[in-house]
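Student: Just passing along the structure, written as structure tokens.
No lab work stands behind these numbers, since they all come straight from the coordinates. Bear in mind that the values here come from a model prediction, so they are computed numbers and not experimental data. Cβ: placed from backbone, ideal geometry, glycine included. Neighbour counts: every protein chain shown.
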Amino acid sequence: MAILECKGLSKSYGPVKALDGVSFTVGSGRIVGLLGPNGSGKTTLIKLANGLLTPSSGELLINGQRPGVETKKVVSYLPERSCLPEWMSAWQLMDFYGDFYQDFDRSAAEAMLTRLSIDPRARLKHLSKGNREKVQLIMVMARKAQIYLLDEPIGGVDPAARDFILSTIISNYNPTASVVISTHLIADVERVLDDVIFISQGKVVLAAPADQLREQQGKSVDQIFREVFRC
């Protein structure tokens, strides 16, 4: 069974179609790049998968179920913008996540904070913007979820931090789980991707295993992306 499946999925905001008949599946144990320029519908799709929006038509299923209370138990979601209360410390956040999610691995979160030399008792408002984003990613990746939905996880951090974030994603998720990474920074994430889904103006324009694309076209995914979305 696919962990994530979209069937003719559409979402409109008034007269504007953010998604238009999107269909694809994500299998278990895959790292998938949801790739497209800004405004292509990536965030809308991830919010639909997380149950924050409802489709205008079509269907989206997580483990064969429509998004709801049960699917939230298996989905770990990193939003595009920081949503953590800045008066809290990482220590308090670990208490918070531990109360809400049975699959939260506190020891894994503590280990990642230590590797980054982030003081778990410092309030988030006293941390740099980059460190606040890292703390949020740590909370998300410390869950033993079945699917991780990461919306632009490297968009607001410096290049050095991007390497840490990608290594954190690779080394801290359950190998039988799946990861969906939404981004327009293809070159930075290409090395970790098993599959790619190109999305433009709410439509899927290409979906394939990354290695297959490289072999067939003799180019990197980043080069293919630049050709597909050339202005």
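Student: Could you tell me the distance between the Cα centroids of region 55-133 and region 24-49, to the nearest Å?
Tutor: 19 Å
Student: So, one more: Ignoring everything except DSSP H segments at least 4 long, calculate the 222 nm mean residue ellipticity for the chain; use -39,500 (n - 2.57) per segment, divide by total residues, nearest 500.
Tutor: It comes out at -9500 deg cm²/dmol, rounded to the nearest 500.
Student: Obtain the nm distance between the two label points defined at GLN102 and ARG81 by a simple spin-label model: each point lies 7 Å from its Cα along the Cα-to-C-beta direction.
Tutor: So the label points at GLN102 and ARG81 sit 3.4 nm apart.
Student: I'd like the orientation of helix 106-115 relative to the chain: the angle between its Cα long axis and the longest Cα principal axis, in ° from 0 to 90, rounded to 10.
Tutor: 90 degrees
Student: Report ³J(HN,Hα) in whole Hz for each residue of region 50-67, in order, from the Karplus equation J = 6.51 cos²θ - 1.76 cosθ + 1.60 where θ = phi - 60°; Gly and Pro get x.
Tutor: 8, x, 7, 10, 10, x, 6, 7, x, 8, 10, 10, 10, 6, x, 10, 6, x
Student: Using a Förster distance of 25 Å, how high is the FRET efficiency between ARG121 and SER171, based on the Cβ-Cβ distance and rounded to 0.05?
Tutor: E between ARG121 and SER171, to the nearest 0.05, is 0.50.
Student: Show the residues, 5+ positions off or on another chain, whose built amide H is closer than 5 Å to the amide H of LEU9.
Tutor: Placed amide hydrogens put GLY21, VAL22, SER23, GLU59 under 5 Å from LEU9.
Student: Now for a different question. Please rank THR25, THR114, THR183, fewest neighbouring Cβ atoms within 10 Å first, as an exposure proxy.
Tutor: Taking fewest neighbouring Cβ atoms as first place, the list is THR114, THR25, THR183.
Student: Quick check: pseudo-label points 7 Å beyond the Cα along Cα→Cβ at VAL69 and HIS184, how many nm apart are they?
Tutor: 3.9 nm
Student: With θ set to phi - 60° and the Karplus curve 6.51 cos²θ - 1.76 cosθ + 1.60, what are the ³J(HN,Hα) couplings of region 35-42 in order, to the nearest whole Hz, using x for Gly and Pro?
Tutor: With the stated coefficients, region 35-42 comes to 10, x, x, 4, x, 7, x, 4 Hz.
Student: Using Cα-Cα distances under 8 Å and only pairs 6 or more residues apart, what relative contact order does the chain have, in percent?
Tutor: Over the chain, the number comes to 27 percent.
Student: Under a GNM of the chain (C-alpha, springs under 10 Å), which listed residue has the highest mean-square fluctuation: ALA108, ALA160, ALA208?
Tutor: Greatest mean-square fluctuation among the candidates belongs to ALA160.
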